[in-house]
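Student: First the structure, which I've put down as structure tokens, then a few questions once you've had a look.
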Amino acid sequence: MGNRLTGTVYLVGAGPGDPRLLTNYAVQALAAADAVVYDRLIHPNILDLTPSYAERIYAGKEHAKASVSQDSINQLLVERAQRGQTVVRLKGGDPLLFGRGGEEAEVLRAYRIPFEIIPGLSSSMASLAYAGIPATHRGLIQGVSTVGGFQGKFSYSWQERHSWVVLMGLEHVREVVSAALDAGFPSDLAACAIEWATWGQQRTVRATLQSLPEAMETHAIESPCVLVFGENVRLSEELSWWESKPAHGQRVIVVSGYPVEWGMLEKFREQGQEVFNWSIYLSALADNDRLAAMSSHDTVFIEESALVNALVKGWTDMGRDLRDLPHLCVPAPEVSKVAAKGFSRVQVASTVEQAQKDLDDGKQHLYVTFEQFQSLPSSARKHVNHWTVPAMIRNMDALWTYHLSRNFDTAVLVSPAGEKWYAENRLTAERVIVSHG
């Protein structure tokens, strides 16, 4: 993506929050990014789809708080592209629907910088779907309008069999509702507010149009929030599916040394939970020189099942036969996960020290990650080496700070390093599951 002289900028819609709603093309763009400029309303783990070397630049905007100006964002995109970088401008929802993507495209065109616009699923439609509200419905709703409410204005006339979706209307909901009533909207028209649409903490508050502001205040609805006016809202009482999931509303934090696989995170979401994976490191990459020195008689200690992918990728990229892969040694909780990857015959050990005891002294070597190797005292490094290059450490940013500052229902600690990080950062969860050793 991009050319050798000037980089390409991809204006990418990340959808309303649920990472499963990303498009394939968005994933491809993220995988090729040298720099990603991202907003407040994306899920932080989406950034793990970028290379570990990619520069991550937070440009989130929040009402009544200091934020990066649009001019500064425009300049960032231009500067990075002029360096020859592939740049992803990652936005919540769709980049061209109240996302200022058109303005950014105009600036890029003015500087003759190549760009592409990758659509994203807008919250205007996704929020309705996740709340069980058909945007149109035969015999009930024939049309829908998506409008902005950030200035408190609502200059639209009442229409039968029509619904209105109001984005960014939270701060001025009383003015918006008052304007709608003055324009002839029925006071008893069905209405609702959908908070954090498609996230595990999504909440839908239903009311009449006239009583909606009070209902939102009673339930302390916060941003992001979508307002819906129309008789289709009544259908959500029987069609609501996301908020009916058995574990909906629960927040889960998985703390690991390296990023866990998307499949594991998706299993939580299937039950309606919101899940975050804080990994201490951004990725694990194999050291080709170390892999070349390995033999099938050696042993690799795999503390977290996700490391198997890095090992297999490095091994096959070098053209080596998987049948010659060294023995795998894993903690008991990881055995089933490793077996699911096709490695059913593994040794079991909780720690590197336990794995060392099974070595045939002088004939076998034990390989661990670079970070594990560095943590071993020199006296414990006999016949031990590392098979990965040094990993990049995940940095805390405003996006992660926001999500980690809220309490969790469950914390899953999948490695000793993750358990230590959880304790040091004083996170709070009602239930803690230690899934290692």
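The values are calculated or read from the model by the stated rules, or taken from the named source; none is laboratory data. Everything numeric in this text was worked out from a predicted model, so none of it was measured. As a convention, Cβ positions derive from the backbone with ideal geometry for all residues, glycine included, and neighbour counts pool all protein chains shown.
Student: Here are 354, 364, 372: which of them is under 20 Å from residue 323 (Cα atoms) and surrounded by 15 or more Cβ atoms within 10 Å (Cβ to Cβ)?
Tutor: The unique qualifying residue is 364.
Student: Out of all the residues in segment 91-133, which are of a type in the set (Lys, Arg) and buried (at least 20 other Cβ atoms within 10 Å of the Cβ)?
Tutor: 91
Student: Please specify each residue of segment 316-337 satisfying the condition of being part of a helix (DSSP H, G or I) and crowded, with 21+ Cβ neighbours inside 10 Å.
Tutor: 334, 337
Student: Can you pull out the helices (runs of 4 or more DSSP H) entirely within segment 70-131 that have at least 1 residues that are touching a residue at least 12 places away in the same chain (Cβ under 8 Å) and within 18 Å of residue 169 (Cα to Cα)?
Tutor: The qualifying helices (runs of 4 or more DSSP H) are 123-130.
Student: Related question: Name the single residue that is surrounded by the fewest Cβ atoms within 10 Å (Cβ to Cβ) among those in segment 388-431 being under 22 Å from residue 371 (Cβ atoms), within 18 Å of the chain's Cα centre (by Cα) and of a type in the set (Val, Ile, Thr).
Tutor: 393
Conditions tested, residue by residue: (1) within 16 Å of residue 284 (Cβ to Cβ); (2) aliphatic (A, V, I, L, M).
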site: 328; (1), (2): yes, yes
site: 336; (1), (2): no, no
site: 339; (1), (2): no, yes
site: 342; (1), (2): no, no
site: 346; (1), (2): no, yes
site: 354; (1), (2): no, no
site: 369; (1), (2): yes, no
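Student: Related question: Is it the case, given these coordinates, that residue 239 is surrounded by fewer than 19 Cβ atoms within 10 Å (Cβ to Cβ), on the phi < 0 side of the Ramachandran plot and not acidic (Asp, Glu)?
Tutor: yes
Student: Can you tell me which residue in segment 250-280 is nearest to the chain's Cα centre (by Cα), limited to those that are part of a loop (DSSP other than H, G, I, E, B) and free of Cβ contacts under 8 Å to residues at least 60 places away in the same chain?
Tutor: Step by step, filter segment 250-280, then rank; the result is 261.
Student: Please go through segment 411-426 and pick out each residue that is of a type outside the set (A, V, I, L, M) and farther than 16 Å from residue 330 by Cα.
Tutor: Selection gives 418, 419, 420, 421, 422, 424, 425, 426.
Student: Let me ask something additional. Here are some residues: 380, 391. Which one is in contact (Cβ under 8 Å) with a residue 60 or more places away in the chain and of a type outside the set (S, T, N, Q)?
Tutor: The unique qualifying residue is 391.
Student: Could you please let me know if residue 147 is touching a strand residue (DSSP E or B) at 6+ places or on another chain (Cβ under 7 Å), closer than 29 Å to residue 10 by Cβ, assigned by TED's automatic domain parsing to the domain that holds residue 236 and among the β-branched types (Val, Ile, Thr)?
Tutor: Yes: the conditions hold for residue 147.
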